[in-house]
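One structure is given below, encoded as structure tokens.
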Amino acid sequence: MYAAISFAVVMLFIMLGEWVSSLTNAYVPSVFITAVLFAIGYWTFLPKDVVAKASFGPDFANICISLLLVHLGTLMNLKELIQQWKAVCISLLGVAGTLLLTLTIGTKIFDWHTVIAAVPPLTGGLVSALLMTNGLKAVGITSLVALPIAMFVMHSVVGYPLTAWMLKREGHRVVREYHKGNIQKPISVEEEKEETGKKSSFKLPAQYHTAAFILVKVGIVALLANWFSFWLKSSFNFDLNANVVCLIFGVVAHQLGFLEDSALNKANVFQWLMYGLLAYIFAQLSITTPQIIGQVFVQIIVLMLLGILGMFIASAILSKPFGMSPEMAFACSLTALFGFPADYILTTEICHNVAKDKDEEAVLVDQILPKMLVGGFATVSVASVIIASVFLKLL
């Protein structure tokens, strides 16, 4: 009974987020509303274990991440992935802008330990926040233990609507360029196969091509990706994030014809996995309370404003040299505030709402989604963990 109630509440919050996003034409993103509902729920009536009881616990989330990233690899090709080096550079340099302003102006306003504790979660996700919290406990700075988690909660809530606004502006710009003939509609996988004569070597008769068969193939690719990441770490001490490897392996498996286009959609499980992962991410809001945030509210707001300003300045300066619009460059930098899966949800939501037809939506997804995904991996999955590891030594 409790599990069924928990599941209904979790899905209700996600549903309300989607409804508000639809009513506001994505000006208020669904993830923002859902995050606010979870935060208010945890601070009032919601049990801390509601997401776990709804079956969306850590093990489910770990499986979701690998499968979803392999799936996202089936939405793009290898050439497209390689071309996103500019998004990686913009995202990392945006983080550099954050570090510059917070470590200069920020340290003039607050003490050194406050800034060092707050910056890693500002430039990344939950992992960096937990690393800093454990580091503060280890060195006995108990007065700042709440700061990293509180920063993680607050910066993502601010990041959602700001990024949605940037993506809206970029979306309208892309549509205008598309109708002027400056941007071409992407070739679908089916059209590409017809042009190149490419045929999958892994086709079976239709009766064997079931949802379970697709999931087995996606699972195999995810397993190989995680094993490869572990092998690099254990054999060569080269730490290549498993999430990045899953995306790359998904692209390669798709290009080889082992995985079909939009694999998890064809297995009819993509939305289910995405909802589960999103619920797990928002479950982290249960860690903090209004009292905890109130204690460090001023530090969070000031350092967050400095950090975002640093991202804005860096992306504004570098957008033209890297051939991006200022809005797209800033949105790539802002992925540091939340990462996957919020970057995927925000982007596809905006593309769907800006587009007037399927062709426009295909163009928008092709132009924007790869940049946002790769930018999110560069900041949250890679840079933030490195920054946290370095900053731990500076406490």
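The values are calculated or read from the model by the stated rules, or taken from the named source; none is laboratory data. Owing to the predicted nature of the structure, the values given are computational and were not obtained by experimental measurement. Don't worry about glycine lacking a Cβ; one is built from the backbone with ideal geometry, like all the others, and counts go over all protein chains shown. Heads up: the accessible areas ignore ligands, DNA and RNA and are worked out on the full protein's heavy atoms, side chains in. Shrake-Rupley method; radii C 1.70, N 1.55, O 1.52, S 1.80 Å.
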Fill in the blank from the handout: Taking the chain and counting helices only, DSSP H stretches of n ≥ 4 at -39,500 (n - 2.57) each over all residues, the nearest-500 ellipticity at 222 nm comes to -23000 deg cm²/dmol
Exercise for the section: Please give the contour-minus-distance gain from residue 107 to residue 207: 0.36 nm per residue of separation, less the Cα-Cα distance, rounded to one decimal in nm. Expected result: 29.5 nm
Fill in the blank from the handout: Here the gain from full extension of residue 305 to residue 8, 0.36 nm per residue of separation minus their alpha-carbon distance, amounts to 103.3 nm
Handout entry: Viscosity 1.002 mPa s, 20 °C: Kirkwood-radius Stokes-Einstein D of the stretch 1-72 over Cα pairs, µm²/s
Key = 161
Problem - Calculated FRET efficiency for the pair residue 262/residue 19, C-beta based, R₀ 25 Å, to 0.05 - result: 0.50
Practice task
Enter the accessible area of residue 111 (Å², nearest 10), with the probe set to 1.4 Å and all protein chains included.
Solution key: 80
Practice task
Just check the stretch 1-136 against the gyration tensor rule for me: Cα atoms, a ≥ b ≥ c as the square roots of the eigenvalues, rounded for a/c under 1.5, and otherwise prolate or oblate depending on whether a/b exceeds b/c.
Solution key: oblate
Problem - Virtual spin-label span in nm between residue 62 and residue 235, 7 Å along Cα→Cβ - result: 2.3
Practice task
Subtracting the Cα-Cα distance from 0.36 nm times the residue separation, let me have the gained length for residue 272 to residue 79 in nm, one decimal.
Solution key: 66.5 nm
Problem - Label-to-label distance, nm, for residues given as residue 316 and residue 386 (7 Å Cα→Cβ offset) - result: 2.7
Handout entry: All-pairs Cα distance distribution in the stretch 258-395, expressed in whole percent, bin size 10 Å
Key = 10, 28, 37, 19, 6, 0
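Checking the a/c ratio against 1.5 first, then a/b against b/c, what shape does the Cα gyration tensor give for the stretch 60-166?
In terms of gyration-tensor shape, prolate.
Taking every pair of alpha-carbon atoms in the chain, give the share separated by more than 36 Å as a whole percent.
23
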Completion exercise
Taking every other residue with Cβ under 14 Å from the Cβ of residue 180 and scoring Lys and Arg +1, Asp and Glu -1, one gets +1
Handout entry: Within the stretch 13-53, chymotrypsin sites (Phe, Trp or Tyr not before Pro) in DSSP loop having at most 12 other beta-carbon neighbours inside 10 Å
Key = 45
Problem - Burial ranking of peptide ranges 317-325, 114-122, 53-61 (average Cβ count within 10 Å, highest at the top) - result: 114-122, 53-61, 317-325
Fill in the blank from the handout: Which of 86/180; 53/393; 79/266; 48/108; 266/356 exceed 29 Å between C-alpha atoms? The answer is 53/393; 48/108
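From the protein chains alone at 1.4 Å, what is the descending order of accessible area for 352, 71, largest first?
Output order, biggest surface exposure first: 352, 71.
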